[in-house]
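Asks: Okay, here's the structure, questions in a sec.
We did not get these values from a lab; they are worked out from the coordinates using the rules stated. Being a predicted model, the structure only gives us computed values, none of them experimental. Counting neighbours? That spans all protein chains shown, and the Cβs are built from the backbone with ideal geometry, glycine included.
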Amino acid sequence: MSRDGIVPLALSFDTAGPMARHVYDVAAALSVIAGVDPADDATRKCEGKVEADYTKFLDAKALSGARLGIARDFMGQDPETDWIVEASLDAMRGAGATFVDVKFPKWLLSSREDFYFTIRHREFRAQIADYLKTLGPGYPKTLDELLARSKTLTSPSAEGAVPNPVRWELMGREEKSGTLEDYDYLAVRDHVLPLMRAMIEGVMSKEKLDAIVYPTSPRRPGRTDEDPNPGAPSSSSPTGLSSPLSPTNIANLTGFPDLIVPAGFTGRGLPVGLSFLGAAFSESRLLALGYAFEQATHAIRTPVNAPPLAGENIRH
């Protein structure tokens, strides 16, 4: 999908994609927005590989005969999340899927955060400036100007903008991170990212996997009304760890598709999602598997605090 017009965080990782109520809606949206865009050269990679209609691959029986890997590296941090994941695996086994445990190498798990930020910090510094130049007068044009403007917002504005010191502090580190000519950036971009792709493809090929599954977040969500203290462990974390082992940047570093499907809820009603990670251009297979999982479990629930607007009908 084209990145044209996206406010960049790091274009090597930034991925547009549909978020929807059901897997069918994701497939329908993907059918419309995926394709080659002359404004984004990266989309040329998908030429001849994009389907006109992804909904035709949705099959409630797709789990029958499927061979899936379970990445247990990302479990063991929250017993309620693990319970939902294990229940999900049982449901898929009941639908005919076979599971094998997948272990990622220690270097991948321990170094991928460094790889991620080596790319992200430098690309944000350069690419946000390119984006800001496309805006009209009155907007900052560089990250440095953006930071200077942020220091004038110390209370909520009339438009509803609020101070965000945590993000601004991060932007300060990004401003000092370096350039796109730095040797470490080039080494990660040109050698480490292909290595990450080769590693995941190798695991899937060796084990003959249709996809790798894992909890999208190994822990239940934290409260949104907490005032975060960056120097302390999260009080909402069941284990008290401040830096959990999370799979959330595996898809970023590889560029591979990751379909997230609701899997259930904790005892206090907090949602748990299950990710289906596939090889490049395996969207049709992932959508089939995710749809079959969705139909086998029907775990999604409309939030009780988000009722329909006047004249709106929300389909369950």
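Asks: Given the options Pro79, Pro165, Pro262, state which has the largest fluctuation in a GNM of the chain using a 10 Å cut-off (strictly under) for Cα springs.
Replies: Ranking Pro79, Pro165, Pro262 by mean-square fluctuation puts Pro165 first.
Asks: Please tell me which of these pairs span more than 25 angstrom C-alpha to C-alpha: Lys61/Lys208; Lys56/Lys103; Lys106/Lys208; Lys103/Lys208; Lys151/Lys176?
Replies: Values: Lys61/Lys208 19 Å; Lys56/Lys103 33 Å; Lys106/Lys208 22 Å; Lys103/Lys208 15 Å; Lys151/Lys176 17 Å.
Checking Cα-Cα distances, Lys56/Lys103 exceed 25 Å.
Asks: Still on this model: Looking at the chain as a GNM with Cα springs under 10 Å, which of Gly94, Gly273, Gly290 has the largest mean-square fluctuation?
Replies: Result for the chain, Cα springs under 10 Å: Gly94 fluctuates most.
Asks: If you place +1 on the Cβ of every Lys and Arg and -1 on the Cβ of every Asp and Glu, how big does the dipole about the Cα centre of the chain come out, in debye to the nearest 20? Walk me through the intermediate numbers first.
Replies: Values: 34 positive and 41 negative charges, 85 e Å.
That gives a dipole near 400 debye.
Asks: Placing one identical point scatterer on every Cα of segment 15-55 and ignoring solvent, what is log10 I(q)/I(0) from the Debye formula at q = 0.29, 0.34 Å⁻¹?
Replies: -1.01, -1.15
Asks: Towards the positive end of the charge dipole of the chain, with charges on Cβ (+1 Lys, Arg; -1 Asp, Glu), say which of Ser205, Ser2, Trp107 has the farthest Cα.
Replies: Result: Ser205.
Asks: Which of the listed residues, Gly35, Ala52, His22, is farthest toward the dipole's positive end in segment 15-55, when Lys, Arg count +1 and Asp, Glu count -1 at the beta-carbon?
Replies: Ranked along the dipole, the leading option is His22.
Asks: Please state the relative contact order of segment 15-55 as a whole percent: Cα pairs under 8 Å, 6+ residues apart?
Replies: 40 percent
Asks: At most 12 other Cβ atoms within 10 Å plus a DSSP loop assignment makes a site exposed; report the longest stretch of the chain without any exposed GluC sites (Glu not before Pro).
Replies: Values: sites that count: Glu47, Glu159, Glu181, Glu226, Glu312.
Within the chain, the longest run free of exposed GluC sites (Glu not before Pro) spans 48-158.
Asks: Per 10 Å bin from zero, what fraction in whole % of the C-alpha pairs of the chain is there, up to the bin with the longest pair?
Replies: 5, 21, 31, 29, 12, 2
Asks: Can you give me the Cα centroid spacing of segment 177-217 and segment 5-78 in angstrom?
Replies: 17 Å
Asks: Given the Cα-Cα distance of Lys61 and Tyr131 and 0.36 nm per residue of separation, how much length would full extension add, in nm?
Replies: 20.7 nm
Asks: Mind checking which of Thr302, Leu146, Asn249 is farthest towards the positive end of the chain's charge dipole, using Cβ charges of +1 (Lys, Arg) and -1 (Asp, Glu) about the Cα centre?
Replies: Result: Thr302.
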